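This report concerns only the one structure given below.
The values are calculated or read from the model by the stated rules, or taken from the named source; none is laboratory data. All values reported here derive from a predicted model rather than from experimental measurement. Neighbour counts run over all protein chains shown; Cβ positions are idealised from the backbone, glycine included. With ligands, DNA and RNA removed, areas are computed over all heavy atoms of the protein, side chains included. Shrake-Rupley method; radii C 1.70, N 1.55, O 1.52, S 1.80 Å.
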Amino acid sequence: MATCRYCNNQDLGLLIDLGDQPIAHRMLRAETDADPAYPLSLHSCGDCGLIQIVNPIDPDTLYSHYNFNFSSWKFEPHLADEIDTIFQHLSPASVLEVGCNDGRFLDALKEKGVPGLSGIEPNPVSGAQARDKGHTVYATQLDPDFCEKTVQDTGQFDLVVCRQVLEHLQDINGFFTCANILLPENGLLFIDVPDFEKALGMGDISMIWEEHVSYFTQAVLLNIIRHHGFDPVDVKQYDFSGGTIAVLARKGASGPQRAAIAVDADPVLMGQAAAYNGKVNGYRESLAQTLAGYRSQGNTVVLYGTGCRACIAVNGLGLEKLIDFAVDDQEQRQGLYMPGSRLPIRPSGALKDSDGKVVCLLAVNNESEAVVTEKVRSHLGEDAVCISLLGPKDIYRELQPTA
């Protein structure tokens, strides 16, 4: 029987079942390449409200070919505000970032004058990029043994940072055990995670990703943080990458409050969860009807952007037969094929080779859409039609002018 990874409750209800899906980050080098698929479904805990993949793909399978870094290019308009939020409460002398990737956040802390900077990054490619910048980076997974040894060697840290990582971890409670080891009393913990609440309320499946085994709303995240003995001192929400929650919390003197692990789930959240599958189906039908209408008029439909959110949207909504090809500005992706749909990935210059009107499904984060739309129109002129495929923008309203 499935058990909630946070509160151990067995009252888990099915939120949505997307069937068998390919691994979204595993691009195909040839159209005929093998493309194994794995069950992908979300369940919601009736006690604590945590939405989760209860049977995730084994990490050895999921990450066995993950030997690249596709995120170093990503625009992070909220990064400066996150740094400012931290420094409003503390000027840290020592920081450990869990999942430091290529060291971008450590770079920003260095620019603020933080002398002691370290990171943990098991991905060898992005970890090497951070080391090349001069950062101390441990090529390991976070666990209590590592934390105890590190504290013995270097002492505790003023600040532990965990950005876009907690949603990947199968052991949420173990992470907070480690944070309590690494931080002294009154030390600060900074967490940011994808915010699933807008996607949940709208029926947006693009926020689902097999690497993200847990899906947080603000209320659920704050409860987990408090349970483990941390007091939130600042909470921010950003529209970055579909929506982000950022919490700065202070380690309290009392330690984890194990007795308070389960809370009554928010009734509004439960209502959104109950309606989610129906909203997804309604959006799927509306989008498919819109695209079929364009194609019946001889128009070309192109997907702009081939990241993981784009892959799950195309495969989960069954759009592969309604899209002619995909384009992406990342050279590493060009010439490859998207998993599942096997759509060929071309450079954006291929847009101008299309006959007639082109409809572009914008599968890029909303903060990048203005730049991408301008690029589309530079190739196609003002007659180009652009439709947002990803939230937090209202994806239903995007279809109204064109339906």
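Can you confirm whether residue 186 is more than 24 Å from residue 244 (Cα to Cα) and over 17 Å from the mean Cα position of the chain (by Cα)? Spell out how you get there, then give the answer.
On the way: more than 24 Å from residue 244 (Cα to Cα): yes; over 17 Å from the mean Cα position of the chain (by Cα): yes.
Here the answer is yes, as residue 186 does meet what is asked.
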Q) Do you know which residues across region 207-239 are part of a strand (DSSP E or B) and out of contact with any Phe, Trp or Tyr (no Cβ under 7 Å at 6 or more places or on another chain)? A) 214, 230, 231, 232, 233, 234, 235, 236, 237, 238
Q.
Suppose we filter region 24-42 for residues that are modelled with pLDDT of 95 or more and buried (at least 21 other Cβ atoms within 10 Å of the Cβ); how many remain?
A. 2
Q. What is the residue count in region 263-309 for residues that are among the aliphatic types (A, V, I, L, M), modelled with pLDDT under 95 and either within 21 Å of the chain's Cα centre (by Cα) or buried (at least 18 other Cβ atoms within 10 Å of the Cβ) (or both)?
A. 3
Q | Which numbered condition residue 193 misses (of (1) in contact with a Phe, Trp or Tyr (Cβ under 6 Å, 6 or more places away or on another chain); (2) part of a loop (DSSP other than H, G, I, E, B)) | A | (2)
Q) When only residues in region 9-23 that are touching a residue at least 60 places away in the same chain (Cβ under 8 Å) and closer than 22 Å to residue 171 by Cβ count, which is most open to solvent (accessible area, probe 1.4 Å)? A) 9
Q) Which members of region 232-262 meet the condition of being open to solvent by 50 Å² or more (accessible area, probe 1.4 Å), at pLDDT 95 or above and charged (D, E, K, R)? A) 236, 250
Q: Please state which of the following conditions residue 204 fails to meet, knowing it meets all the rest: (1) closer than 30 Å to residue 390 by Cα; (2) in a helix (DSSP H, G or I); (3) open to solvent by less than 20 Å² (accessible area, probe 1.4 Å).
A: (2)
Q | Complete set of residues in region 362-388 that are hydroxyl-bearing (Ser, Thr, Tyr) and farther than 15 Å from residue 240 by Cβ | A | 373, 378, 388
Q: Go over the candidates 92, 77 one by one and state the one that is in contact (Cβ under 8 Å) with a residue 24 or more places away in the chain and surrounded by fewer than 13 Cβ atoms within 10 Å (Cβ to Cβ).
A: 77
Q) Looking at region 145-166, is at least one residue within 26 Å of the chain's Cα centre (by Cα) and surrounded by fewer than 16 Cβ atoms within 10 Å (Cβ to Cβ)? A) no
